[in-house]
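In what follows, a structure is listed as structure tokens, so that the remarks can point back to it.
The values are calculated or read from the model by the stated rules, or taken from the named source; none is laboratory data. Source: prediction; values computed, not measured. Cβ sites come from the backbone with ideal geometry, for glycine too, and all protein chains shown count toward neighbours.
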Amino acid sequence: MQTSLNPLLNLNYENALETLGDDYYDVVAAAEFPEHFLRFRNNSLLTQVGLNLEAVNDQDFIEAFGKFQGVRPFLALRYHGYQFGEYNPFLGDGRGFLYGQIRGADGYLYDLGTKGSGRTPYSRTADGRLTLKGGIREVLAAEALHQLGVKTSRCLSLIETGESLWRGDEPSPTRSSVMVRFSRSHIRFGTFERLHYIQRPDFISKLLDSVIAIYYPNIPDTDEKYSNFYAELVVRVAQLAAQWMAAGFCHGVLNTDNMSITGESFDYGPFAFIPTYNPRFTAASFDYGGRYSYGNQPHICKFNLEMFQLPLAMVTDKSDLEAGLTQFDDCYHENYQKLMLQKLGFEESSALFTNELLTATIELLQDTDIGYHAFFAELTKSFNYGWREDSKLILENAIFSSNISDRWRILYHYCLNKLPEDQMEKTSDRLIFHNPQTALLRTVIESVWQPITEENNWQPFNDLIEKIQAKE
């Protein structure tokens, strides 16, 4: 077998994290699996790292990301984290590792991280595996979020591995898989929290210098660089929270070990897209108090940023960090308003749009049983120039038409008429761009999982991926 001809093994892998030294990770080995079936390959990511689609065959994926051939060291990162508000010093990469770091065609450094690749020193009593359903859910979540404009990790590959797993939250035995995640960074808030726990400010500074050089190159090398990094991270996380909320997405488990230092969304376990607008909606069955409910996500992100000040305060002034956090609320609200107005078809905000139309839209969705995603999908599909002439025509044929108040129709009609007439086509284009017709609700996921379990029929899954990715 000529693995040297495998384009995935011959990528120009870099070792930015490895060169920091083994104070941050443990070198581990991948598990050996009895079978390998490639169930998903993300061709759009291949082009992003400069590979020709035709030059990479399915066996190349299996060799690189299922059998883990090659000679690079695999690194299981050490980290801690606040889980449901309680500090946990017994974490770390328990079923995955950093496979490698590669430079994208855009010049940015990206990390390939595994999930379900076997036990590590941080697995504790777990088996280090990933269920096939869990892998499928993450593939779908990442692609759906990417198409909705959320800054997110994505899945490069998903390989079924032929093992039977026992889980309390799935009918068992269930099928197994191993996934490779493509993200900006494998480093989390919890990576730094561990260094605070072991009282190593020197390790914090060393890691921060690397993070800033790679992911925040615009920050000058001055005495304020650490506080400037934090201030920019605050902005990125506020933007991410706004993206989740506008997308109608509930992550489910926003522990600090699930927060990236690049402000990127990742790790989709019990996630869910909200069926209707309900701030109290929770994605995780074990979130009994609603800590990570849909509506609480901005508050939790801000809390996690506040906790992140503890390790950073070992190497920079805490008052500067506190000053950086003060911008979170305004940044979040500004971005949320902008994104929601885009979903309504408007680009430029005004006092009317933000204070009246947006408020009326949220009230409408919250006070009725109209589906959150169905509302925007129908708005997009039904949009026509007649709405500018007569407010009664707006959504008149929607199945939920009787739930649309006259006040909302009049506001939307008024906003359309405040636009120049030649902007109507652009309004339609914005609606189409920001509101996909396919919403990844739980029922949709189950509709593609059932044929896989009953008949090993992957066509509905492949069709759904194609619909989600259609905007690319």
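Miscellaneous remarks
- Residue pairs whose Cβ atoms lie under 6 Å apart, sitting 6 or more positions apart in sequence or on different chains, and linking a residue in the range 223-248 that is at pLDDT below 95 to a partner that is β-branched (Val, Ile, Thr), do not occur here.
- Only residues that are part of a helix (DSSP H, G or I) and in contact with a helix residue (DSSP H, G or I) (Cβ under 6 Å, 6 or more places away or on another chain) were counted in the range 380-412, giving 11.
- Test: residue in the range 266-286 that is out of contact with any Pro (no Cβ under 8 Å at 6 or more places or on another chain), surrounded by fewer than 21 Cβ atoms within 10 Å (Cβ to Cβ) and among the acidic types (Asp, Glu): no
Here's the yes/no breakdown for (1) more than 18 Å from the chain's Cα centre (by Cα); (2) under 20 Å from ILE62 (Cα atoms); (3) at pLDDT below 95; (4) part of a loop (DSSP other than H, G, I, E, B):
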{"position": "GLY92", "(1), (2), (3), (4)": "yes, no, no, yes"}
{"position": "GLY96", "(1), (2), (3), (4)": "no, yes, no, yes"}
{"position": "SER123", "(1), (2), (3), (4)": "yes, no, no, yes"}
{"position": "VAL139", "(1), (2), (3), (4)": "no, yes, no, no"}
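- Among the residues making up the range 118-134, a single one is among the polar types (S, T, N, Q) and touching a Leu at 6+ places or on another chain (Cβ under 8 Å): THR131.
- Residue that is at pLDDT 95 or above and over 27 Å from ASN15 (Cβ atoms), where the choices are GLU143, GLU63, GLU54: GLU143
- Residue within the range 274-288 that is within 19 Å of the chain's Cα centre (by Cα), on the phi < 0 side of the Ramachandran plot and touching a residue at least 40 places away in the same chain (Cβ under 8 Å) present: yes
- Test: residue in the range 364-375 that is surrounded by 18 or more Cβ atoms within 10 Å (Cβ to Cβ), of a type in the set (S, T, N, Q) and assigned to a helix (DSSP H, G or I): no
- Some residue of the range 334-348 being over 21 Å from GLY248 (Cβ atoms), in contact (Cβ under 8 Å) with a residue 12 or more places away in the chain and exposed (fewer than 15 other Cβ atoms within 10 Å of the Cβ): no
- For PRO451, the conditions (1) under 30 Å from GLU138 (Cβ atoms); (2) not in a helix (DSSP H, G or I) all hold with the exception of (2).
- Residues being crowded, with 16+ Cβ neighbours inside 10 Å and out of contact with any Leu (no Cβ under 8 Å at 6 or more places or on another chain) - total across the range 394-419: 5
- Any hit, the range 154-172, residues being surrounded by 24 or more Cβ atoms within 10 Å (Cβ to Cβ), modelled with pLDDT of 95 or more and outside the structural domain of PRO34 (by TED's automatic domain parsing): no
- Residue within the range 31-42 that is touching a helix residue (DSSP H, G or I) at 6+ places or on another chain (Cβ under 7 Å), free of Cβ contacts under 8 Å to residues at least 60 places away in the same chain and within 25 Å of GLY135 (Cβ to Cβ) present: no
- Of the residues making up the range 409-447, those that are of a type in the set (Ser, Thr, Tyr) and touching a residue at least 12 places away in the same chain (Cβ under 8 Å) are TYR412, TYR414, THR427, SER428, THR438, SER447.
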